[in-house]
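Trainee: A single structure is presented below for examination.
No value in this document is a laboratory result; all are computed from the given coordinates. Just so it is clear, the structure is predicted and the values come from calculations on it, not from any experiment. A quick note on method: Cβ atoms are made from the backbone with ideal geometry, for glycine too, and the neighbour counts reach across all protein chains shown.
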Amino acid sequence: MLAEMDGAALVGQRIEALGDWRGVTLAAVRQLILEADPQITEETKWAKPTNVAGVPVWSHGGIVCTGEVYSDKVKLTFAHGAMLPDPQGLFNASLQGSTRRAIDLRQGDEIDAEAFKELVRSAVEANLR
């Protein structure tokens with residue numbers, strides 16, 4: 001049945017299945033991602049026995065970011081985050097890597113919506129170069 005669903009439906013199903021603050025958080029950032037780039041594609045990848053629903057992935061010209069869910073956080077990993085401008089300091093995780101950067105959101109955290117959308121647009125622009 002999962003193979004018959006499109007990527008957006010799978011991401012929606014994954015979010016809905018969470019049923020807690022993590023689902024609310026992931027739904028909110030998903031909305032910001034779609035607002036930032038209406039051409040972005042959604043899919044899930046890397047399904048495994050411990051995470052049969054897989055990881056939500058947003059792509060445009062390559063992976064923009066992923067939305068991993070842990071018990072204590074939602075981690076938004078930007079595939080090429082190290083090369084992106086981040087004037088508002090949204091990246092707060094995976095800062096030592098040479099390629100990726102991430103934003104960890106814990107229960108009650110808020111994200112600067114406009115700064116986040118700009119980060120998404122910068123990631124798409126970098127992918128399309």
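Trainee: Running a GNM on the chain with Cα contacts under 10 Å, which residue among ALA36, ALA113, ALA47 ends up with the highest mean-square fluctuation?
Mentor: Of ALA36, ALA113, ALA47, the most mobile in the Gaussian network model is ALA47.
Trainee: Sticking with this one: Through the Karplus equation 6.51 cos²θ - 1.76 cosθ + 1.60, θ set to phi - 60°, convert the phi angles of the range 12-22 into ³J(HN,Hα) values in whole Hz; use x for Gly and Pro.
Mentor: So the J values, rounded to whole Hz, are x, 5, 4, 5, 4, 5, 5, x, 9, 4, 5.
Trainee: Taking the alpha-carbon centroid of each part, what is the distance from the range 78-109 to the range 1-57 in angstrom?
Mentor: 20 Å
Trainee: Continuing with the same structure: What per residue convex hull volume, in Å³, do the alpha-carbon atoms of the range 63-113 yield?
Mentor: Working: hull volume 4.1 nm³, N = 51.
In the range 63-113, the Cα hull volume divided by residue count equals 80 Å³.
Trainee: Along the positive direction of the dipole of the chain (beta-carbon charges: Lys, Arg +1; Asp, Glu -1; about the Cα centre), which of PRO49, GLY67, LEU128 reaches farthest?
Mentor: Of the candidates, PRO49 comes out farthest on the positive side.
Trainee: Can you compute the equivalent ellipsoid semi-axes for the range 1-61, i.e. the square root of 5 times each eigenvalue of the Cα gyration tensor, sorted largest first and rounded to whole Å?
Mentor: 18, 15, 9
Trainee: Mind giving me the FRET efficiency for ASN51 and VAL24? R0 is 22 Å, r the Cβ-Cβ distance, nearest 0.05 is fine.
Mentor: 0.70
Trainee: Running a GNM on the chain with Cα contacts under 10 Å, which residue among LYS73, LYS48, LYS117 ends up with the highest mean-square fluctuation?
Mentor: Looking only at LYS73, LYS48, LYS117, the largest GNM fluctuation is found for LYS48.
Trainee: Using Stokes-Einstein with the Kirkwood hydrodynamic radius over Cα pairs, what translational diffusion coefficient do you get for the chain at 20 °C and a viscosity of 1.002 mPa s, in µm²/s rounded to a whole number? Write out the running numbers ahead of the final one.
Mentor: Values: Rh = 14.7 Å.
Answer, rounded: 146 µm²/s.
Trainee: Now for a different question. Can you work out the Karplus-derived ³J(HN,Hα) for every residue in the range 106-112? Use 6.51 cos²θ - 1.76 cosθ + 1.60 with θ = phi - 60°, whole Hz, and x for glycine or proline.
Mentor: 9, 3, x, 5, 10, 10, 5
Trainee: Next question. Taking Cα pairs under 8 Å and at least six residues apart, what relative contact order does the range 7-88 come out at, in percent?
Mentor: 21 percent
Trainee: Which of GLU110, GLU118, GLU35 moves most in a GNM of the chain, Cα contacts under 10 Å?
Mentor: Looking only at GLU110, GLU118, GLU35, the biggest GNM fluctuation is shown by GLU110.
Trainee: Would you mind working out the magnitude of the charge dipole of the chain relative to its Cα centre, with +1 at each Lys and Arg C-beta and -1 at each Asp and Glu C-beta, to the nearest 20 Debye?
Mentor: The calculation lands at about 420 debye.
Trainee: Turning to a different aspect of this structure: Please work out the FRET efficiency for the pair GLU16 and GLN39, using the Cβ-Cβ distance as r and a Förster radius of 25 Å; give the result to the nearest 0.05. Spell out each step's value before the answer.
Mentor: Values: r = 24 Å, r/R0 = 0.96.
Result of the calculation: an efficiency of 0.55.
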